[in-house]
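Some notes on the structure that comes next.
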Amino acid sequence: MELYTKIEDECTNKKDTLTKIKTIPFRYRFNLVDKKFYYLHSIPIIYSLWEGFFQIVIEFYLKYLNEIGIETNKINNSLLIFVAEYTEIKIQNYPQKELKKLEYLEKLKKIFGNQFVELPIVVNTESNLKFKPLNLMLKNIGLIEFSEFEQVDNIPIDIKNKFFPNTPQKYPIEDELRHLVDIRNDISHTSSYQDAEITEIYIDRFIFLVNYLIEQISEKIKKAIENKTYLKEEFRNT
């Protein structure tokens, strides 16, 4: 399927870039001062790769749903609400004047009176793709949400021991995403991290996180398509 190929290409591209971030200091034999500078400013890059991947592949998914055509009476409730809230009419902004109400309702009929739904291609991360905003966006478009703690078997032991030694059997996705975004914001917008010791293990930590998120988002999209979860449950086996 073309969609899967496009998503896989994005996965490969982002993972290759993450690998380069990790290996560049060793390939070019950075000294300790250069490494400190490089690691510090790699955190915003790692975050941008995560946000960029999410935005691109979710747009791919929404465009795919428009291409296959989902009948208005069959679309699942989450996506229906997503359409209502993110089209140009913005259903939450119901007008007060009578003439404007009539114009508004005509637009509403046009959207929901069509045989097929036209999904808006909107992925607004607001540069804050932490756990709650991420899950809200996944829920809005009918994808499976992340758990606060995920079962992950291949977490490097040094990352476990340093950053979450008290949860050895679970991967604390919510906390790890919060740390990535908060550190990224501090580096980008304040001076509080300029003298911080952002060492190689921090880079390993967040590269592992973003690789995991990339793989999981790809898998969630594939499952949604295979199981037709964009449809109401009664229409999924037809």
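The values are calculated or read from the model by the stated rules, or taken from the named source; none is laboratory data. Note that the structure is a prediction, hence the values are computed from the model and not measured. FYI the Cβ positions are ideal-geometry reconstructions off the backbone, even for glycines, and counts take in every protein chain you see. Please note that ligands, DNA and RNA were not included when accessible areas were found on the heavy atoms of the full protein model with its side chains. Shrake-Rupley method; radii C 1.70, N 1.55, O 1.52, S 1.80 Å.
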Run residue 127 past the list (1) open to solvent by 60 Å² or more (accessible area, probe 1.4 Å); (2) under 23 Å from residue 185 (Cα atoms); (3) part of a loop (DSSP other than H, G, I, E, B) and report the number of the one that doesn't hold. (1)
Scan the stretch 224-235 residue by residue and report those that are under 25 Å from the mean Cα position of the chain (by Cα) and charged (D, E, K, R). 226, 228, 232, 233
Looking at residue 77, is it free of Cβ contacts under 8 Å to residues at least 60 places away in the same chain, loosely packed, with under 15 Cβ neighbours inside 10 Å and either in contact with a Lys or Arg (Cβ under 7 Å, 6 or more places away or on another chain) or not basic (Lys, Arg) (or both)? no
Of the numbered conditions (1) of a type in the set (A, V, I, L, M, F, W, C); (2) farther than 27 Å from residue 44 by Cα; (3) at pLDDT 90 or above; (4) open to solvent by 20 Å² or more (accessible area, probe 1.4 Å), residue 137 fails exactly one; give the number of that condition. (2)
Any residue that is closer than 26 Å to residue 74 by Cα, open to solvent by less than 50 Å² (accessible area, probe 1.4 Å), modelled with pLDDT under 95 and assigned to a loop (DSSP other than H, G, I, E, B) - is there at least one of those in the stretch 155-175? no
Unique match (being of a type in the set (Asp, Glu) and within 30 Å of residue 23 (Cβ to Cβ)) among 145, 219, 226, 234: 219
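Name the single residue, out of those in the stretch 193-232 being acidic (Asp, Glu) and either in contact with a Gly (Cβ under 7 Å, 6 or more places away or on another chain) or in contact (Cβ under 8 Å) with a residue 24 or more places away in the chain (or both), that is least open to solvent (accessible area, probe 1.4 Å).
It comes out as 204.
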Whichever residue in the stretch 82-124 is surrounded by 13 or more Cβ atoms within 10 Å (Cβ to Cβ), of a type in the set (A, V, I, L, M) and modelled with pLDDT under 75 and, among such residues, is farthest from residue 48 (Cα to Cα): 105
Could you grab the pairs with beta carbons closer than 7 Å, sequence gap of 6+ or different chains, first residue in the stretch 57-73 and within 19 Å of residue 84 (Cβ to Cβ) and open to solvent by 40 Å² or more (accessible area, probe 1.4 Å), second one assigned to a helix (DSSP H, G or I) and among the basic types (Lys, Arg)? none
